[in-house]
1. Counting just the residues of segment 153-202 that are small (Gly, Ala, Ser) and modelled with pLDDT under 95, which one comes out nearest to GLU143 (Cα to Cα)?
2. Give the residue that is nearest to VAL164 (Cα to Cα), with candidates limited to residues of segment 50-90 that are part of a loop (DSSP other than H, G, I, E, B) and basic (Lys, Arg).
3. Of all residues in segment 136-175, count the ones that are among the polar types (S, T, N, Q) and either in contact with an Asp or Glu (Cβ under 7 Å, 6 or more places away or on another chain) or not in a strand (DSSP E or B) (or both).
4. Go through segment 139-154 and report how many residues are touching a residue at least 60 places away in the same chain (Cβ under 8 Å), within 16 Å of SER167 (Cβ to Cβ) and touching a Lys or Arg at 6+ places or on another chain (Cβ under 9 Å).
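The values are calculated or read from the model by the stated rules, or taken from the named source; none is laboratory data. Just so it is clear, the structure is predicted and the values come from calculations on it, not from any experiment. A quick note on method: Cβ atoms are made from the backbone with ideal geometry, for glycine too, and the neighbour counts reach across all protein chains shown.
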Amino acid sequence: MGTPFFLAGKVCVKETKTPIVKVGAYFSRREMDIEQLWEKAQEKTEIVRGRVKGLPTFSAVKVPYVFLGESVVNEGHTVVRKGKILIEKPMILLPEDLPQFEGFEFEEQLDIEQGSMQMFFLMRGIRFPSLKYNNTIVSLDLEEASLAKTAAKYKKRLEKRENVKTSLILGPEDCWQFSILLYMAQLAGRCARTDIINIMERFEGES
């Protein structure tokens, strides 16, 4: 199965070597485009400043972020996307490795349904806990500066405010969803061992 890891400031994912089986209407010409965007996000996503604390084992948590990407319309400018992801248990019990994604605009921007998106990750060995990931865009602005200058500006701002909760993520603007989900996968992977320890301690405390 695929596991996320850091390499030179970039988020990478080791994908499964199992051949991808194309099932029915899940895989179309449009999905071939999605594959290219996914690979692009893997190559260019960079976590400049990550979340210090891991994800809690038993309670819901909000993960605020600032995503910066070079504008595809205004050359030399940077799109500043501020948002937050609420990670919580779904109302109904989900099968293993079947997360719910909301607010990522997969259908509106990438023309792919959530079920297809879940299958896309599953067939590549990219595992997310079966939780609900609700993304909310707080603001969307255009900075009249290069990506490097904008990144330095926001990094300095977060450091000055001693903000250890907000993540600073760089990536391609046309596949911002994948860059953010790569970071979510990294967080989930980092917290997996901690979750096991917390569950065992809670179990022992109740016994």
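1. ALA185
2. ARG51
3. 4
4. The number of residues fulfilling the criteria is 1.
So that you can scan it fast, the table gives a plain yes or no per residue for (1) of a type in the set (Val, Ile, Thr); (2) modelled with pLDDT of 95 or more:
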site: ALA8; (1), (2): no, no
site: VAL11; (1), (2): yes, no
site: GLU15; (1), (2): no, no
site: ILE20; (1), (2): yes, no
site: GLY69; (1), (2): no, yes
site: VAL80; (1), (2): yes, yes
site: GLY83; (1), (2): no, yes
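Yes/no per residue for (1) under 20 Å from LEU158 (Cα atoms); (2) buried (at least 16 other Cβ atoms within 10 Å of the Cβ); (3) under 18 Å from the mean Cα position of the chain (by Cα); (4) aliphatic (A, V, I, L, M):
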{"position": "VAL73", "(1), (2), (3), (4)": "no, no, no, yes"}
{"position": "LYS84", "(1), (2), (3), (4)": "yes, yes, yes, no"}
{"position": "PHE101", "(1), (2), (3), (4)": "no, yes, yes, no"}
{"position": "PHE106", "(1), (2), (3), (4)": "no, yes, yes, no"}
{"position": "LEU110", "(1), (2), (3), (4)": "no, yes, yes, yes"}
{"position": "GLN114", "(1), (2), (3), (4)": "no, no, yes, no"}
{"position": "PHE120", "(1), (2), (3), (4)": "no, yes, yes, no"}
